[in-house]
Amino acid sequence: MSFEFLGLSEELLRAVADSGYTEPTPIQRQAIPTVLQGRDVLGIAQTGTGKTASFTLPMIDILAQGRARARMPRSLILEPTRELAVQVAENFEKYGKYHKLSMALLIGGMAFGEQDRALDKGVDVLIATPGRLIDQCERSKVMLSGVEILVIDEADRMLDMGFIPDVERIVSLMPPRRQTLFFSATMPPVVKRLADQFLRDPKAIEVARPATANTSIAQSLVVVGERAKRETLRDLIRELDVTNAIIFCNRKRDVKVLQESLTRHGFKAGQLHGDMEQAERLQVLERFRAGDLPLLVASDVAARGLDVPGVSHVFNFDVPIHADDYVHRIGRTGRAGRSGVAVTLATPAEAEAVAAVEALTGQPIPRREVAQSVALEAPEAGRRGGDRRRSRGKGGADKSADKALEKAAEKPAREKTAEKPAGASESRGRRDGRPERESRPERERESRPERERDSRPAREARHSSAGDRGRGRRGDDRRDRDDADEPVVGLGAHVPAFLLVSARGKEAA
Ligand code: AMP
């Protein structure tokens, strides 16, 4: 089936043809005619499925009729991260090149002045992250009463990042008569509740998860001791005919350390994480896209939606804490019909996280043997704490399991020292001196240490509790996460004298 049968205008068909796409993807086939009919859509789909074009294309045709009024955008697309927002804007530019639609991007890290000017002129399409949009609504720079089409993209990611109260607030500022397109990769209960609340008689469209359906990604798992990880990664990069690769770390401080280590070993690598200035992030991405930086060490902020069609390899330097992130990470390769390779490095102690990924995708990750291979610890052993029983990995690694555990316990000295909580150094901010609102959840999420492995159901339960609205990222979640980052010093029964200052003494001081 070609794009011609979907009901799109001549101009759009030309723009699609210019992009080199000949056939609509399954979600495009189903969503485009539905959106053109004016119906709400509940799309269960991930990035990599062609989901962005499934809403941008029909929106361009719908918005071609009518005119924008000052400060009253005609459509709103909410994205959880700046990168995704930028990518959606690029889609509008690419497909809307034969139309005269005006667009504004409201994301943190950009000057207010530029955004204010665009809004003052009136825009057909407003693409925003929730925090910055609320800022602008509070400053009366934007009014949502004229929104005809609302897109909520990556709703489950919004949930993960604590944006749900903001999204609810934003939607409450909109007219009830509007067309709503709601996309999420998964449908946990809180997201389902939101969909029920926001959508009217939606057409439900579900497309297969790229990770389970996408056989164009060759996945493998390498189990090595913590200390062997960097060397193993370097060996793999050399051996695997890597054109360009994204290397994911769980923590942003590891992103920096790994990027520096790779550079020291003669690799050309850049870094991308939530603590960087927006301009810097975009610049690095641009260099990566252009091939100037073949390796990009990144945190999960970059995992969702990062659209670089020709990424040959994805490496997971750590097994992601949340299994869903695995799907998003490896989905950066094998895009747009190409094949890709995803290699995950795990230590024996990461067995539980590996098991969670395999349970989610419904398939074991084939083991890849390397010189330093060790066995994977049985997940049950990790959960039982004191029980140190373990099993050999499926690949039949021949090193002893005892040695594996010893190696896993040998953390580099650098990591044992108390570190400043990730993100503590940052002062990125707004002109009024308050911190950037939507950047905080990115930092919080990234800075969650390995030990804070709260399960997805537990997180959902927190969000969906009666106090859901009031809590979010400025409430209890934030306290939980910040506390988890603080290094804890135990004094045992002995309290040093300098701590025994009387209350009166303290007041005097
Ligand atoms: P998305 O799921 O929107 O992130 O899109 C994933 C990738 O597929 C992007 O690189 C798109 O440019 C590309 N893409 C979108 N639609 C098509 C199509 N019909 N044919 C081939 N590639 C497409």
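The values are calculated or read from the model by the stated rules, or taken from the named source; none is laboratory data. Source: prediction; values computed, not measured. Please note: Cβ atoms are built from the backbone with ideal geometry, for glycine as well, and neighbour counts cover all protein chains shown. Accessible surface is based on the protein model in full, side chains and every heavy atom, while ligands, DNA and RNA are left aside. Shrake-Rupley method; radii C 1.70, N 1.55, O 1.52, S 1.80 Å.
Solvent exposure of the stretch 3-206 amounts to 37 Å² per residue of accessible area, where only protein heavy atoms count and the probe is 1.4 Å. Phe248 exposes around 0 Å² of accessible area when a 1.4 Å probe is run over every protein chain in place.
Length gained on full extension, Met110 to Lys203, computed as 0.36 nm times the residue gap minus the Cα-Cα distance: 29.9 nm.
What a 1.4 Å probe finds exposed on the stretch 217-380 is 49% carbon and sulfur by accessible area, rounded to a whole percent.
For the stretch 3-206, carbon and sulfur atoms together expose 49% of the accessible surface, with a 1.4 angstrom probe and every protein chain in place.
Cα convex hull, the stretch 217-380: 106 Å³ per residue, rounded to a whole number. Cross-linked pairs Lys100/Lys203; Lys51/Lys192; Lys100/Lys121; Lys51/Lys97; Lys229/Lys256; Lys229/Lys252: Cα-Cα separations exceed 24 Å for Lys100/Lys203. Across the stretch 359-372, computed HN-Hα scalar couplings (Karplus, 6.51 cos²θ - 1.76 cosθ + 1.60, θ = phi - 60°) run 5, 5, 7, x, 8, x, 7, x, 7, 10, 8, 10, 3, 9 Hz from first to last residue, x flagging Gly and Pro. Ranking of Arg281, Arg289, Arg177, Arg238 by solvent-accessible surface, largest first: Arg177, Arg238, Arg289, Arg281 (1.4 Å probe, protein heavy atoms only, all chains present). Largest first, the residues Asp241, Asp275 sort by 1.4 Å accessible area into Asp241, Asp275. With the cut-off at under 16 Å, measuring from each backbone N in the stretch 224-263 to a point 7 Å along the Cα-to-Cβ line of Glu286 picks out no residue. Stretching the chain fully between Glu93 and Met187 yields a gain of 30.8 nm (0.36 nm per residue, less the alpha carbon separation).
Going by accessible surface with a 1.4 Å probe and the largest first, Arg82, Arg367, Arg117 read Arg117, Arg367, Arg82. Using the Cβ of Leu119 as centre and a radius below 9 Å, the other residues enclosed give a net charge of +2, where K and R count +1 and D and E count -1. Under a model in which nothing but the beta-carbon of Lys, Arg (+1) and Asp, Glu (-1) is charged, the stretch 217-380 shows a dipole of about 520 debye around its Cα centre.
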